[in-house]
Amino acid sequence: MRKYTAVDGVLDNPASRFWLDRRLRASASLVTKKNGRLLDIGCGEGHFLSRMMGLCPEIELFGIDISKRNIAYVKKSVPTAKVYVQNAEKLHFGGSYFDCVSLLEVVEHFRNPSIIIMESRRVLKKGGELIISMPDHSRFRWRLLWFLWTRSVGRRWAHFHQGKLDREGLVRLLEDNGFSIVLVRETLFRCIILVKARKN
């Protein structure tokens, strides 16, 4: 997975702010357990952790990211969260520790996403929730949007997407790795897939 930081200027344009707000709102609506422990894998600048802190103050929040700079930023912006510099493919948590794990716009950054799905399952309690959002590469409108975005204001992300999963591929990946699908929906003009799954 490519290492990057997006602290500088990530929300400088209205399109980025709109995209972020819509996907965070949609992802947060899938979290049904309002207490317990939540781990945001690839937490970036902590936007999802910040939103969950406001929505569910009873949740114990954790986050990991490979960027030291992002983690330093989150420690200041979401001081109640426990955040660490870690690789998503080898989490430094014991098994069956979390009630909810989120992978928001993360899966597509890995050539072999089954590794992070298995790690997510390992740290989830039985019956725990996995929340995933990712672009649907089978959609022409997404491919066109990504092409235009990465040749304009989003140039920095041009080479970050390693995987090309679509909706059916993601569902199959989860079911093959011990999850039951609770729901699948789309948002942002049907460009983003949202999946809620439960550990068997």
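What follows is calculated from the coordinates using simple rules that are stated; it is not laboratory data. Please read all numbers here as calculations on a predicted model, not as lab measurements. Cβ sites come from the backbone with ideal geometry, for glycine too, and all protein chains shown count toward neighbours.
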Compute the length gained on full extension between Met118 and Lys33: take 0.36 nm times their separation in residues and subtract their Cα-Cα distance, giving the result in nm to one decimal. 28.5 nm
Which ordering of Val74, Val85 is given by a fewest-first count of other beta-carbon atoms within 10 Å? Val85, Val74
Can you list the residues, at least 5 places off or on another chain, whose amide H is less than 5 Å from the amide H of Ser102, using H built in the peptide plane? Leu39, Asp40, Ile41, Ile131
With θ set to phi - 60° and the Karplus curve 6.51 cos²θ - 1.76 cosθ + 1.60, what are the ³J(HN,Hα) couplings of the range 89-98 in order, to the nearest whole Hz, using x for Gly and Pro? 7, 8, 6, 9, 10, x, x, 6, 9, 10
Starting with the fewest neighbours, write out Glu119, Glu175 ranked by other beta-carbon atoms found within 10 Å of each beta-carbon. Glu175, Glu119
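Listing Lys82, Lys196, Lys68 from the residue with the fewest other Cβ atoms within 10 Å to the one with the most, what is the order?
Lys68, Lys82, Lys196
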Calculated from backbone phi, Karplus (6.51, -1.76, 1.60) coupling profile of the range 67-75 in Hz, x at Gly/Pro: 9, 4, 5, 4, 5, 4, 5, 5, 4
Which of the lysines could a cross-linker bridge to Lys196, judged by Cα under 26 Å and excluding same-chain residues fewer than eight apart? Lys33, Lys34, Lys82, Lys90, Lys125, Lys126, Lys164
